[in-house]
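Engineer: The structure that follows is given in the form of structure tokens.
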Amino acid sequence: MTTIRSLIAIAAKKKWQISRCKQYIHGDLHEEVYMQAPPGLVHSPRLVCKLNKSLYGLKQASRQWYDKLTEVLYSRGYTHSMHDYSLFYRKQASYIVFVAVYVNDVLLTETDSEEINQLKAFLHDKFKIIDLGQLHYFLGLEILYKSDGIIISQRKFVLDLLKEYECLHSPALTSPLDSTVKLKAKEGTPLSDPTFYRKLIGKLNFLTNTRLDIAYGVQHLSQFMQDPREPHLQAAYHMLRYLKKDPTLGLYFSNADNLPLAAYGDSDWAACPDSRRSVSGYIVFLEGSPISWKSKKQETIFLSSAEAEYRALRKVVGELVWLSRLLEELTVSIDLPIPIHCDSLSALHIARNPVFHERTKHIEVDCHFVRIKLQEGLISLHHIGTCQQLADVITKALTKIKHFSVLGKLGVISSHPT
């Protein structure tokens, strides 16, 4: 999804046309596969069908379809990206075309409409495709075109979710989680139907593709999937009532010409009351629009907040290394060094200090990857005050005033009037 968001953001800024087509995925099989005869077919009870091509639901289907599509695109001169195998491109002196594939959904964006038309005709000759024209809907994402940019939201998905869980008429709330409530794994009455909770969290997780404001809350509630309790379900309903406040919130990608990259990394030390592990998170912005973010509980327990913050820096630097290479393939030139904003002076000192000492000798070696990239000039580290730390929204539950303040700086706006 980071690749999809980046591609749409760049297309908005460079004013490229984005179109979508759908294809029927019946890839060739390289092994013998048999299936039971379909209902309604009069046959002997011992009869089975041998497949000549893959079908929907077959374990081999996605792999075989990808191999077949790759072969066809190769034959037309396309190359797959080395940084995301779902992305293909063809670069010529007069045009550039990008093809992003998600199962049988295909996005095409280009600088030359003639090549796109020829590519669609070529694909239609090889497969049966449906040309859906300009991109307006993709994988549950709604794309709205404005004079100054593009907005991506999941408005319909949110409204369907509120209707399914009977929250359309519930009072709206102003923050995803109650900052005064600390959820614990074994506290409260176990749910009689854990599947109900798991299904709800799974749908909320899909919503984080455009709603980074609920990324921390969904990550937090996902910790209780194995044994959900009543307080966990109440917190999930709290999040639904927050979504009701503005179902149209989405990512805004400006069509401004400049493309600066910047990142924020943060950590909430020993946030988990059960394991005492910290929660780390980062947000990467392209011209003020978020294209990548993550909220995750750290794998190990750290002895100090400085170590936890340093680990958070390690995660965001790793993402920036990959993103810088991907954006280079997408013909975006990035100004180096890329600024990373952190509110921990101790973590910044560790990253800049080439000498190992008592405070750092027990930190994993991979964390010092930050120091290497700092010396190479890929990144620059900047200290900011806690009140300016935008990554707070994906590392902890904020009060409604703080949440509203951060939300206004994240590049998310309403796609429709409420």
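Engineer: For the list (1) in contact (Cβ under 8 Å) with a residue 12 or more places away in the chain; (2) within 29 Å of the chain's Cα centre (by Cα), I need the number of the one condition that Tyr74 fails.
Structural biologist: The single condition Tyr74 does not satisfy is (1).
Engineer: Residues of region 312-340 being polar (S, T, N, Q) and either closer than 30 Å to Ser278 by Cβ or open to solvent by less than 20 Å² (accessible area, probe 1.4 Å) (or both), which ones? Steps first, answer last, please.
Structural biologist: Residues of region 312-340 polar (S, T, N, Q): 324, 331, 333.
Ser324, the sole residue that qualifies.
Engineer: Continuing with this model, one more query. Is there a residue in region 177-186 that is more than 22 Å from Ile394 (Cα to Cα) and open to solvent by 20 Å² or more (accessible area, probe 1.4 Å)?
Structural biologist: Step one: list which residues in region 177-186 are more than 22 Å from Ile394 (Cα to Cα), which gives 186.
Subsequent filtering for residues that are open to solvent by 20 Å² or more (accessible area, probe 1.4 Å) retains 186.
Checked against the condition, which is being more than 22 Å from Ile394 (Cα to Cα) and open to solvent by 20 Å² or more (accessible area, probe 1.4 Å), region 177-186 yields at least one hit.
Engineer: I need every pair where a residue in region 140-161 that is in contact (Cβ under 8 Å) with a residue 24 or more places away in the chain has its Cβ under 6 Å from the Cβ of a residue that is among the acidic types (Asp, Glu) and part of a strand (DSSP E or B), sequence separation at least 6 or different chains.
Structural biologist: From region 140-161, the pairs are Ser153/Glu142; Arg155/Glu142.
Engineer: Asp84: within 29 Å of Asn255 (Cβ to Cβ), touching a residue at least 24 places away in the same chain (Cβ under 8 Å) and among the acidic types (Asp, Glu), yes or no? First the steps, then the outcome.
Structural biologist: Numbers: within 29 Å of Asn255 (Cβ to Cβ): yes; touching a residue at least 24 places away in the same chain (Cβ under 8 Å): yes; among the acidic types (Asp, Glu): yes.
In short, yes.
Engineer: Taking into account only those residues within region 95-112 that are under 14 Å from Ala11 (Cβ atoms) and open to solvent by less than 20 Å² (accessible area, probe 1.4 Å), which is nearest to the chain's Cα centre (by Cα)?
Structural biologist: Per the stated criteria, the residue is Ala100.
Engineer: Of the residues Glu299, Glu307, which single one is assigned to a loop (DSSP other than H, G, I, E, B) and under 30 Å from Glu376 (Cβ atoms)?
Structural biologist: On the way: Glu307 fails: assigned to a loop (DSSP other than H, G, I, E, B).
Of the residues listed, the single one that is assigned to a loop (DSSP other than H, G, I, E, B) and under 30 Å from Glu376 (Cβ atoms) is Glu299.
Engineer: If a residue must be touching a helix residue (DSSP H, G or I) at 6+ places or on another chain (Cβ under 6 Å) and among the small types (Gly, Ala, Ser), how many such residues does region 170-197 contain?
Structural biologist: 4
Engineer: Open to solvent by 70 Å² or more (accessible area, probe 1.4 Å) and on the phi > 0 side of the Ramachandran plot: is that true of Gly40 in this structure?
Structural biologist: Numbers: open to solvent by 70 Å² or more (accessible area, probe 1.4 Å): yes; on the phi > 0 side of the Ramachandran plot: yes.
It is true that Gly40 is open to solvent by 70 Å² or more (accessible area, probe 1.4 Å) and on the phi > 0 side of the Ramachandran plot.
Engineer: In region 1-70, which strands (runs of 3 or more DSSP E) lie fully inside it and hold 1 or more residues that are modelled with pLDDT under 80? Reasoning before the result, please.
Structural biologist: Working: elements: 17-23, 34-36, 48-50.
The strands (runs of 3 or more DSSP E) meeting that bar are 17-23.
Engineer: Restricting the search to region 279-299, which residues are touching a residue at least 24 places away in the same chain (Cβ under 8 Å), open to solvent by 20 Å² or more (accessible area, probe 1.4 Å) and more than 14 Å from the chain's Cα centre (by Cα)?
Structural biologist: Correct list: Glu287, Gly288, Lys297.
Engineer: Test each condition in (1) modelled with pLDDT under 85; (2) in contact with a Lys or Arg (Cβ under 9 Å, 6 or more places away or on another chain); (3) farther than 26 Å from Thr3 by Cα; (4) not hydrophobic (A, V, I, L, M, F, W, C) for Arg371 and report the one that comes out false.
Structural biologist: Checking Arg371 against (1) modelled with pLDDT under 85; (2) in contact with a Lys or Arg (Cβ under 9 Å, 6 or more places away or on another chain); (3) farther than 26 Å from Thr3 by Cα; (4) not hydrophobic (A, V, I, L, M, F, W, C), the one that fails is (1).
Engineer: Would you pick out the residues in region 113-148 that are over 30 Å from Leu73 (Cβ atoms) and open to solvent by less than 80 Å² (accessible area, probe 1.4 Å)? First the steps, then the outcome.
Structural biologist: In the first step, residues of region 113-148 are kept if they are over 30 Å from Leu73 (Cβ atoms); the result is 146-148.
The one that is over 30 Å from Leu73 (Cβ atoms) and open to solvent by less than 80 Å² (accessible area, probe 1.4 Å): Asp148.
Engineer: Another question about this same structure. How many residues are hydroxyl-bearing (Ser, Thr, Tyr), assigned to a helix (DSSP H, G or I) and surrounded by 20 or more Cβ atoms within 10 Å (Cβ to Cβ) when one looks only at region 229-270? Walk me through it before giving the result.
Structural biologist: Let us first name the residues in region 229-270 that are hydroxyl-bearing (Ser, Thr, Tyr), namely 237, 242, 248, 252, 254, 264, 267.
Add one more test, that the residue is assigned to a helix (DSSP H, G or I), and what stays is 237, 242.
Still in the list and also surrounded by 20 or more Cβ atoms within 10 Å (Cβ to Cβ): 242.
Of the residues in region 229-270, 1 are hydroxyl-bearing (Ser, Thr, Tyr), assigned to a helix (DSSP H, G or I) and surrounded by 20 or more Cβ atoms within 10 Å (Cβ to Cβ).
Engineer: Could I ask something else about it? For region 393-406, give me each residue that is out of contact with any helix residue (DSSP H, G or I) (no Cβ under 6 Å at 6 or more places or on another chain) and part of a helix (DSSP H, G or I).
Structural biologist: Within region 393-406, Lys400, Ile401, Lys402, His403, Phe404, Ser405 qualify.
Engineer: With respect to Leu221, is the statement that it is in contact (Cβ under 8 Å) with a residue 12 or more places away in the chain and not in a loop (DSSP other than H, G, I, E, B) true? If you could, list the steps in order and put the result at the bottom.
Structural biologist: Numbers: in contact (Cβ under 8 Å) with a residue 12 or more places away in the chain: yes; not in a loop (DSSP other than H, G, I, E, B): yes.
When the stated conditions are applied, Leu221 passes them.
The values are calculated or read from the model by the stated rules, or taken from the named source; none is laboratory data. Being a predicted model, the structure only gives us computed values, none of them experimental. Every residue, glycine among them, receives a Cβ derived from its backbone with ideal geometry; neighbour counts consider all protein chains shown. For the accessible areas, the whole protein counts, side chains as well, though only heavy atoms, and no ligand, DNA or RNA atoms are used. Shrake-Rupley method; radii C 1.70, N 1.55, O 1.52, S 1.80 Å.
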